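Below is one structure; the comments refer to it alone.
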Amino acid sequence: MKGRSPKDKHFYRDVVVLLILVMAAIAMLGEVSRQNWNSKVTAFPTKTEADVKNRAEQLLDQMTLEGKITQMFLVTCPDEETRQVIEAYQFGGVLFEEGDFADRSKNSLKSDIEDWQSVSNVAMFTAVMEEGGSVSPMSSHKAFRNAAFLSPSDMYATGGMTLVEGEAEEKYELLSSLGLNMNLGIVCDLATEETALMYERSLRRDEKTAGRYVAANVSAASEQNVVSALKHFPGYGNAEFTDEGYGVNDRSVETLEALDLLPFESGIEADVPAVMLANSIVTAVDGEKPACLSREVNKLLRRELGFEGLIITDAPEIASLKKFAQDGQVAVTAIKTGCDLLIVTDYETELNNVLAAVREGELAEERIDESVLRILQLKIKYGIL
């Protein structure tokens, strides 16, 4: 048999080199895949529904009971030693209020958020309630914008849906650039009376126009991977604050279905990821308990409107709500009724209350798991994890 020619030798050498390179590439892909399944993850590349759910379930299985509970806490930003507090408690998210923007620049805020995320085993929601108008905690500071975003009613009166869409796009681009990945700021309440609690903050237009406003904001947020939330379900209507410190929407069932619920339905159809509940009593749904503590309101949102995303409370520690909660424990009661994410200030007390409720058999750990799974899936879907 004749020996191989130099040409043949080069050919086989090239094949061997190619095989080595292919094997090295496969090994590197395997390592990347393993790293993506660690609990300390900042991005998840595959976002099919099955992949997202499987990933979330794996993370959930690794969590302690305490870790699950604090994942349900959206805490108002701790005033001191913020980094240490976040590292110790591993909250599901932090909520920035107006004072938290006062002494910060765009760069310092972004740097702080990156630093806090670096000590979070599960990346946090970094949230704000940027509605526009009187509720503009971020844009009211000139370090972030020359002028606060307009209120919904002023925006529409000035430039109609064209301005609504333009400001929504600008708002969510700005939030995203700062590292703020959640905005609890889409007001769906239909207020027509000047004395109404939500009159200045609402669009003050008909329900169909409000629906278009809502859908435009949901779409703009989604394009920037910012989690948006509708509020305040099922609507304050023309409610005013009572002497007890909470509102009462006494519209009929027919009016509620024909008016108040329509903007929320528009947001749900636009695939909004979160809905915030009202701290008011809506008599047509539940005449005894405020929406944030009502099983009936939860059923309305889940079963009748078909909402599958996060249900969020609006500051459940408000003193006026305690009389509606078992033993005054608002957070425990809110979880029992089906809420997923709780705005919390006194996180130590609330953590101990929820821990005790689970350990004493008053609150099932499966109920906690249900909410945490939703939270994790949403974080993965929006690229937070």
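The values are calculated or read from the model by the stated rules, or taken from the named source; none is laboratory data. Bear in mind the structure is a predicted one, so any value in this text is a computation, not a measurement. No Cβ is skipped: glycine too gets one built from the backbone with ideal geometry, and neighbour counts run over all protein chains shown.
Within the option set Glu223, Glu240, Glu207, being modelled with pLDDT under 95 and over 21 Å from Ile343 (Cα atoms) holds for one residue only, Glu240.
Report yes if some residue within region 292-301 is more than 25 Å from Phe96 (Cβ to Cβ), assigned to a helix (DSSP H, G or I), of a type in the set (D, E, K, R) and under 21 Å from the mean Cα position of the chain (by Cα); otherwise report no. Taking every residue of region 292-301 in turn, at least one turns out to be more than 25 Å from Phe96 (Cβ to Cβ), assigned to a helix (DSSP H, G or I), of a type in the set (D, E, K, R) and under 21 Å from the mean Cα position of the chain (by Cα). Taking region 370-385 as the range and being part of a helix (DSSP H, G or I) and either β-branched (Val, Ile, Thr) or in contact (Cβ under 8 Å) with a residue 40 or more places away in the chain (or both) as the test, the residues that pass are Ser371, Val372, Leu373, Arg374, Ile375, Leu376, Gln377, Leu378, Lys379, Ile380, Lys381.
Of all the residues in region 223-255, those that are part of a loop (DSSP other than H, G, I, E, B) and touching a Gly at 6+ places or on another chain (Cβ under 7 Å) number 5.
Residue-level check: of (1) loosely packed, with under 14 Cβ neighbours inside 10 Å; (2) in contact with a Gly (Cβ under 6 Å, 6 or more places away or on another chain); (3) not hydrophobic (A, V, I, L, M, F, W, C), Gln84 misses just (2). Return a yes/no flag: does region 135-156 have any residue that is among the hydrophobic types (A, V, I, L, M, F, W, C), in contact with a Ser or Thr (Cβ under 9 Å, 6 or more places away or on another chain), surrounded by 21 or more Cβ atoms within 10 Å (Cβ to Cβ) and closer than 16 Å to Asn183 by Cβ. Yes - at least one qualifying residue is present in region 135-156. Take the residues in region 100-113 that are over 20 Å from the mean Cα position of the chain (by Cα) and touching a residue at least 24 places away in the same chain (Cβ under 8 Å); name whichever of them is farthest from Leu178 (Cα to Cα). Selected residue: Ala102. Beta carbons closer than 8 Å, at least 6 apart along the sequence or on distinct chains, pair a first residue in region 249-264 that is more than 23 Å from Leu310 (Cβ to Cβ) with a second that is in a helix (DSSP H, G or I) for Arg251/Leu259; Arg251/Asp260; Ala258/Glu207; Leu259/Glu207. Selection of region 327-369 for residues being among the charged types (D, E, K, R), within 23 Å of Asn121 (Cα to Cα) and without any contact (Cβ under 8 Å) to a residue 12 or more places away in the chain yields Glu348, Glu366.
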